[in-house]
Amino acid sequence: MEPQTPAPTLTGAEILWAVLAGEGVTTVFGYPGGAILPIYDALRKFPIHHVLVRHEQGAAHMADGYARASGRVGVCMATSGPGATNLVTGLATAMLDSIPVVAITGQVSSKVLGSDAFQEVDITGITLPITKHNFLVTRAEDIAPAVRRAFQIARSGRPGPVLVDITKDAQQATAAFDFETAKPLPVRPHPMLRAESTSFQQAVDLILGARRPILLAGHGITQSGAEAEVLAFAEARQIPIATTLLGLGSIPAGHPLSLGMMGMHGESWVNTAIQQSDLLLAFGMRFDDRVTGNIASYAPKAKKIHIEIDPSEINKNVKVDVALIGDLKETLARLLPQLPKKMDASWLKEINASKGTAAVRDIINLPDNGHLYAAHVIHDIWREAQAAGREHDTVIVTDVGQHQMWEAQYFKHEAPRSLVTSGGLGTMGFALPAAIGAKSACPQKDVWVIAGDGGFQMTACELSTIVQEGLAINIAVINNGFLGMVRQWQETFYDKNYSASPILSPDFVKLAGAHGIEGATVSTRRDVTSTVTHARTSGKAFLINFHVEKEDAVYPMIAPGAALHEMVRRPDRDPLLETAEDE
Amino acid sequence: MLHTFVALVEDKPGVLTRVASLFRRLNINIVSLTVGESERADTSRMTIVCEAPEGAAHRIRASLYKLEITVDVDEVGRSEAVIRELCLIKVAAGPNSPHGQQSRSQIFELATVFRARVVDLAPESIMLEMTGAASKIEGLIQVLRESSFDILEVSRTGRMAMRRGHHTSRVLKALGTPGSQPFSAEQNADEPDYALKPASEDFLANQFPEVHEEEQ
């Protein structure tokens, strides 16, 4: 045994960086300020790269995008008061989508806590419902245990964001620090996470008896790293797979069993198949209202098996017949050997036959009429990735709205973590900062931002961060002059009263230019491919401002409260196409 | 319906807020909440009584479990647990009170019947202490009111619950009992499996809420 050397004494700030480094953190996203200055002062001693953001919301989204693209824990930092409150939207986004993020905030000195000191805010109180857990640390010796626990909590079970609020005096004070005992804590299993063997038998019986099963593939597949197991499971029983928005990519879109996205803007045959199914296998998904439509009429004939790591999700929205609580990968490893192979593909054939005219109606299959549709843009970005052989090395980061749904429909995701999107909270302004996080995590991948003209303006200040970091991020602004999804709802449900949905935008190419980013405006279909290729191969950041059809709508669509099978299909002949004579 | 949860939680600042915030988020009204030290160091035991739909119990319990400060959660029904409440009642008992000079002796009598204790005697008032099921406490208060006694103050702790017999939580079993021998496999072999549900309702025959031992 090596002789015991006394633990070195470090400042709280140094302990923080030492623990972060010990956790394998190489990049943090943050913004300095008074109450976190001791931490920033100590940064130079540690091999960690700090990305200076332009707004703390961006820091939280970057940590989130970093975590989603890489599977590692994302770290963001902010000072006390306004710095901390600016993190709130980003933490809530990570919470709703179960993303492992650790946020470090500075806090006023413990002696003045609770006295409304300058830039003091009760951030642990504020973030209580939007973090998995949070800590207020007032002593230097408590920093290492708290940060280690924060990483452990963020990663364990159903991942989520954790905030550590550290007072300025704790950052400045010194404490003994032992690198060995500050090693990362192992992932902690949840005491309730144990599926009963009787449940396994019930699940096996239901699967063997099912004639029209559908596998609902959720975000949990990628979270658990169970892509191979899920595919093996589906192939063994010839079970068609429908994916949630966050499940896209967990199953290769080109796989014969892959049906596509379910839910509000899912393809008609997917939702119809769910409604006709006699067994739903929900893997790592939570029956969100965007997925189920009207609960009362959701998959009425189907038995339901729910494999889920979070016990509080069981029977929350949809009552299930068998719940297998636990990690998906481990659960499937137990379940799979109990299932004999089945080769009958008649159910899949039946679903494929029900596609009918859907493909013909699809806008990307209609001839060029001079108009540019967002679908074309996204389809071309996908074809560009495919043509370059970069399907597995392209990450699309979307904002929220119509373009997000078009992306989900027209970009065929073949690889896990190839789509970064805010599903649960639906945070506009997410795309640009999250893409910076994704590119920082995966510099060798092509990272595309796809954002609307509305959402892009919410966090456009981060263009400057891209330049400062020298990141080659491609940006596609789907510009239709409207808050598109709001406009679509107003068209459908509010009698075309376009209240506050038309939006004026700056010239995005000039805006990019002002930041030192090249750009181009595209308004015809024939220019899309060449510009997309140019952007991808330019080797630096590039912004394309796509002027697309103003009043286009996302179809299919299920009205809120309607059942899955009551979807509004794509128009048989797009009325917009018929007005194309002016071209 | 009323649900009763017994939670073992860490004894740290902010724990109560985390638990209370959970119920607020679920839009569930807390009927009563008691917290105090438990048999384990650095942990408190909470009894939370809340009004929620029948099917909500699982989700509340699972959500409580999701809190990082939670060690263990149990949901207990009335038949399987001892549920008690402590109540202090101050009643006017001076010469000018409704029953005049007779007040004291009459309150003493009532206290004896209800097994309440007199814990303070002042010239103008008497303080009673009573421990029991909520219904018994309500019974005493009702009798005092109906007998025209002037109730000056009532302070109730809210319900505390403890499961009868050996606990069924595998978490607590794994943790072992503080102060006793560490939990070992040999000990376990002789013990019946308390996790099993009792075979019949007869097993619970002595567990009606009105039967309870008077503490001295």
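The values are calculated or read from the model by the stated rules, or taken from the named source; none is laboratory data. Keep in mind that this is a model prediction, so the values were computed, not measured. Virtual Cβ from ideal backbone geometry, glycine too; neighbours counted across all protein chains shown. The area values use the complete protein model at the heavy-atom level, side chains included, leaving out ligands, DNA and RNA. Shrake-Rupley method; radii C 1.70, N 1.55, O 1.52, S 1.80 Å.
Before moving on, here are some points about what is shown:
- Which numbered condition A:G389 fails, given (1) buried (at least 23 other Cβ atoms within 10 Å of the Cβ); (2) in a loop (DSSP other than H, G, I, E, B): (1)
- Members of the range A:467-478 found to be polar (S, T, N, Q) and either open to solvent by 10 Å² or more (accessible area, probe 1.4 Å) or not assigned by TED's automatic domain parsing to the domain that holds A:G429 (or both), listed by number: A:Q468
- Test: residue in the range A:408-416 that is under 15 Å from the mean Cα position of the chain (by Cα), assigned to a loop (DSSP other than H, G, I, E, B), closer than 15 Å to A:R68 by Cβ and among the small types (G, A, S): yes
- Subset of the range A:71-115 [open to solvent by 10 Å² or more (accessible area, probe 1.4 Å), in a helix (DSSP H, G or I), polar (S, T, N, Q) and out of contact with any strand residue (DSSP E or B) (no Cβ under 7 Å at 6 or more places or on another chain)]: A:T85, A:T89
- Any hit, the range B:19-35, residues being of a type outside the set (S, T, Y), within 11 Å of chain A (Cβ to nearest Cβ), part of a loop (DSSP other than H, G, I, E, B) and surrounded by fewer than 18 Cβ atoms within 10 Å (Cβ to Cβ): yes
- Residue match in the range B:89-109 (condition: closer than 23 Å to B:S32 by Cα and more than 14 Å from every other protein chain (Cβ to nearest Cβ)): yes
- Where A:S312 falls short, out of the listed (1) more than 14 Å from chain B (Cβ to nearest Cβ); (2) surrounded by 20 or more Cβ atoms within 10 Å (Cβ to Cβ); (3) part of a helix (DSSP H, G or I): (1)
- Residues that are open to solvent by 20 Å² or more (accessible area, probe 1.4 Å) and touching a strand residue (DSSP E or B) at 6+ places or on another chain (Cβ under 7 Å), drawn from the range B:69-95: B:V71, B:D74, B:E75, B:E80, B:V82, B:I83, B:R84, B:L86, B:L88, B:K90
- All conditions but one from (1) assigned to a loop (DSSP other than H, G, I, E, B); (2) over 23 Å from A:S224 (Cα atoms) apply to A:I351; the one that does not is (1).
- Restricting attention to the range B:4-18, the residues that are in a strand (DSSP E or B) and open to solvent by 10 Å² or more (accessible area, probe 1.4 Å) add up to 3.
- Within the set A:L281, A:L324, A:L328, the sole residue that is closer than 26 Å to A:I558 by Cα, in contact with a Phe, Trp or Tyr (Cβ under 9 Å, 6 or more places away or on another chain), surrounded by 23 or more Cβ atoms within 10 Å (Cβ to Cβ) and more than 14 Å from every other protein chain (Cβ to nearest Cβ) turns out to be A:L281.
- Among (1) assigned to a helix (DSSP H, G or I); (2) in contact with a helix residue (DSSP H, G or I) (Cβ under 7 Å, 6 or more places away or on another chain) - the single one A:A154 does not satisfy: (2)
- Scanning the range A:11-49 for residues that are open to solvent by less than 10 Å² (accessible area, probe 1.4 Å), closer than 14 Å to A:I166 by Cβ and of a type in the set (F, W, Y) gives a single hit, A:W17.
- Just one residue in the set A:V162, A:V108 is in contact with a helix residue (DSSP H, G or I) (Cβ under 6 Å, 6 or more places away or on another chain) and within 14 Å of another protein chain (Cβ to nearest Cβ); that residue is A:V162.
- Note on the range A:428-466: residues that are within 14 Å of the chain's Cα centre (by Cα) and open to solvent by 10 Å² or more (accessible area, probe 1.4 Å) total 1.
- The residues in the range B:65-80 that are touching a Ser or Thr at 6+ places or on another chain (Cβ under 7 Å) and among the hydrophobic types (A, V, I, L, M, F, W, C) can be counted, and the count is 2.
- Matching option when the condition is crowded, with 20+ Cβ neighbours inside 10 Å and farther than 30 Å from A:A21 by Cβ, among A:L208, A:L216: A:L216
- In the range B:56-85, the residues that are within 14 Å of chain A (Cβ to nearest Cβ) reach residues that are in a helix (DSSP H, G or I) and polar (S, T, N, Q) with C-beta atoms within less than 6 angstrom, at least six apart or across chains, in these pairs: B:R59/A:S312; B:A62/A:S312; B:S63/A:S312; B:K66/A:S312.
Condition check ((1) open to solvent by 10 Å² or more (accessible area, probe 1.4 Å); (2) out of contact with any Lys or Arg (no Cβ under 9 Å at 6 or more places or on another chain)) across all residues:
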residue: A:A144; (1), (2): yes, yes
residue: A:A154; (1), (2): no, no
residue: A:V162; (1), (2): no, no
residue: A:I166; (1), (2): no, yes
residue: A:F179; (1), (2): yes, yes
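- Test: residue in the range B:67-81 that is assigned to a helix (DSSP H, G or I) and touching a Phe, Trp or Tyr at 6+ places or on another chain (Cβ under 8 Å): no
- Filtered residues of the range A:495-542 (kept if assigned to a loop (DSSP other than H, G, I, E, B), open to solvent by less than 70 Å² (accessible area, probe 1.4 Å) and among the aliphatic types (A, V, I, L, M)): A:I503, A:I517, A:A541
- The criterion of at least 3 residues that are among the hydrophobic types (A, V, I, L, M, F, W, C) and at pLDDT 95 or above is met by the following strands (runs of 3 or more DSSP E) wholly inside the range A:222-308: A:279-283.
- Residue list for the range A:118-137, filter: more than 8 Å from every other protein chain (Cβ to nearest Cβ) and surrounded by fewer than 17 Cβ atoms within 10 Å (Cβ to Cβ): A:F118, A:Q119, A:D122
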